[in-house]
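The values are calculated or read from the model by the stated rules, or taken from the named source; none is laboratory data. Quantities reported herein were computed from a predicted structural model and do not represent experimental measurements. Cβ placement follows ideal geometry from the backbone for every residue including glycine, while neighbour counts extend to all protein chains displayed.
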Amino acid sequence: MIDIKNVSMNFRLANDRILSLKEYVIKRVSNKLTYKHFHALSDVSFSIQKGEVIGIIGNNGAGKSTLLKIISGILTPTKGNVKVSGNIAPMLELGAGFDMDLTARENIFLNGAILGYSKQYLTEKFSEIVDFSELHDFLDVPIRNFSSGMIMRLAFSIATLVDPDILIVDEILSVGDAKFQKKSAKRMFELMSGGTTVIMVSHSIEQIRQMCSRVIWLDKGSIRMIGNSIEVCKAYLSEQTDTPPSNMSNNSYTENLYSPTQITKIDNQYFIVDCWHHRVIYNPNISDTIAGWTMLCDNVHTPHSIASDGELLILDDTGNNAVQVYKKKLQTYEFSQTIRNIGYQPNKIIYDKDKKLFYGISASSQQLFVLKNNNGEVEIDNVVRLDYLKNSYVRSISLIESKLYFVSGPGEILVANTEDMSFNLINKYPVPFELQGMNDLIKIDSYYYISVYQDGSGNIAPKLVRTKDLNLLGVNYEDLYDKLQMKGVPYNFSQIEDRVYVTEIDSYSSIRSFKLVEDEIYDIQVHYNIGAADDASIHRRGYS
């Protein structure tokens, strides 16, 4: 979609300050004009595919904004070629493309026309643009009287609500109040999920890591590094903080777990998703020390779950808004694919062996995605936003008796139909206030087991409960937290052979298991009792 080849941009800067046309002509005729050359970009090459979200980072003066202006067509490079397919909505600076003497109403049509949209199309989108900007009372006010935040709202609303093929953003998401920043970030993720190609510049490395799939690091006009957002941001931060490379590669964290979010067994191997260490490890024996486990990958951003159909492993890459695919190769596994455009923060993936499909939930965008294995290649079968989830953060889905259960819902456990793949809501169960921040749900024998992170106000209040009837959850449940001697937050359940496993995260890391006989719990074991994170783990969490 975008192809940049050997692009250089040189500016000629006059050494003398010239105050009038007459002075310029005299100096030009007398050959007394002197210049110095500034190389803003030097031999820059890269390609961007449709639907990618690319971050550009670098110090002030690195050439980031110049590069965006070249891609947008505002500047013509001194050397090199730029090919762009699709319409571009550039948000490079506040007020760009606006006439400050015109009203907000007039500028919607003016700016939209500059972006290439017809008057009829803008008329159809007008109400949506105004509603998003929340500027209903100021439509007929000249925008010279607007604050910078109001101008940003208007610019963002026009640029993002006309569904561009390519969206270019230069630091604009950092402007405005906290409420609008959150609103605009959500809109950005909707665009990304819909296939819009996004190029963004930001000095917020956390924002870049959360939103971008790849990152380009510019240094004094040249490309210093291109690659996975985790690795590039880590290298950039290392240099900015003058942290010696040896400290960044400190591997002592590999001997421990830090908030393991899932343990499961695939073939003859146990897999642990080591969330805040940003990795997945596997081993045939659960009693071996963590240091002896094999690394599947350590380039994912806060993963939560892994699922398999026997041939492929699919792992959610939550912080990069993607999933990773691995193929089994003899006794090991090799990376195969990255799947994007499935929503914001995929958080749980499960496999339906009857339909031979993978289901996943994107926690922050309330999108259910369906993936299928087509001769060893994963394809997106469907992505649907489930309106009945409202705007709740949904951590988990569970397949129970051919139905999908969603937690946490909007104060409810919600159940959807999978028989006709409509995912229509067929049942819901109210949840008491103290259990509303649920993590996971599983049914074993007569009981539903539920792990809980927070109460209805968002306060951390961990619980692990079970009930025989979800209809009675509000009046009767059994709390197992103390019985299992838990100290952190119970997260994900797994049933492996004759044992039930539950992972423990956040302030305390461990994996516990127990057996059930006629619903009675016995033989409680703690397989890894890591406790609080050490300095190496905290360092790994922050820099990956």
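The residues of segment 382-409 that are surrounded by fewer than 15 Cβ atoms within 10 Å (Cβ to Cβ) and of a type outside the set (S, T, N, Q), listed by number, are VAL384, ARG385, ASP387, LYS390, ILE400, GLU401, LYS403.
Checking the stated criteria, ASN321 turns out to be on the phi > 0 side of the Ramachandran plot and among the polar types (S, T, N, Q).
Could you tell me whether LEU399 is within 23 Å of GLN269 (Cβ to Cβ) and either in contact (Cβ under 8 Å) with a residue 60 or more places away in the chain or assigned to a strand (DSSP E or B) (or both)? It is true that LEU399 is within 23 Å of GLN269 (Cβ to Cβ) and either in contact (Cβ under 8 Å) with a residue 60 or more places away in the chain or assigned to a strand (DSSP E or B) (or both). When residues in segment 114-142 are screened for being among the hydrophobic types (A, V, I, L, M, F, W, C) and within 17 Å of LEU92 (Cβ to Cβ), 2 of them pass.
Would you confirm, using the coordinates I've provided, whether ALA185 is assigned to a helix (DSSP H, G or I) and touching a strand residue (DSSP E or B) at 6+ places or on another chain (Cβ under 7 Å)? When the stated conditions are applied, ALA185 does not pass them. Taking the residues in segment 225-239 that are of a type in the set (A, V, I, L, M) and within 17 Å of the chain's Cα centre (by Cα) as candidates, determine which candidate is surrounded by the most Cβ atoms within 10 Å (Cβ to Cβ). Here the residue is VAL232.
I'd like the residue in segment 188-205 that is outside any loop (DSSP other than H, G, I, E, B) and surrounded by fewer than 21 Cβ atoms within 10 Å (Cβ to Cβ) and, out of all such residues, is modelled with the highest pLDDT.
Among them, the one singled out is ILE205.
For segment 289-334, give me every one of the strands (runs of 3 or more DSSP E) that falls completely inside it and has 1 or more residues that are in contact with a helix residue (DSSP H, G or I) (Cβ under 9 Å, 6 or more places away or on another chain). Counting at least 1 such residues, we get 294-297.
The residue of segment 115-159 that is farthest from ASN87 (Cα to Cα), among those that are outside any helix (DSSP H, G or I) and among the aromatic types (Phe, Trp, Tyr), is PHE146. Here is a check on your reading of the model: is SER494 without any contact (Cβ under 8 Å) to a residue 24 or more places away in the chain, assigned to a strand (DSSP E or B) and under 20 Å from ILE266 (Cα atoms)? Against the criterion (without any contact (Cβ under 8 Å) to a residue 24 or more places away in the chain, assigned to a strand (DSSP E or B) and under 20 Å from ILE266 (Cα atoms)), SER494 does not qualify.
From the list GLY116, GLY112, GLY80, exactly one residue is in contact (Cβ under 8 Å) with a residue 24 or more places away in the chain and touching a Ser or Thr at 6+ places or on another chain (Cβ under 7 Å). Which is it?
Numbers: GLY116 fails: touching a Ser or Thr at 6+ places or on another chain (Cβ under 7 Å); GLY112 fails: touching a Ser or Thr at 6+ places or on another chain (Cβ under 7 Å).
The match here is GLY80.
Evaluated against (1) assigned to a loop (DSSP other than H, G, I, E, B); (2) touching a residue at least 24 places away in the same chain (Cβ under 8 Å); (3) closer than 30 Å to ASP381 by Cα, SER422 falls short on exactly one condition, (2). Within segment 291-329, the set of residues being under 19 Å from ASN373 (Cα atoms), of a type outside the set (Phe, Trp, Tyr) and over 18 Å from the mean Cα position of the chain (by Cα) comprises ALA307, SER308, ASP309, GLY310, GLU311, LEU312, LEU313, LYS327, LYS328, LYS329.
Tell me, yes or no, whether segment 437-447 has at least one residue that is part of a loop (DSSP other than H, G, I, E, B), hydroxyl-bearing (Ser, Thr, Tyr) and surrounded by 14 or more Cβ atoms within 10 Å (Cβ to Cβ). No; the residues of segment 437-447 include none that is part of a loop (DSSP other than H, G, I, E, B), hydroxyl-bearing (Ser, Thr, Tyr) and surrounded by 14 or more Cβ atoms within 10 Å (Cβ to Cβ).
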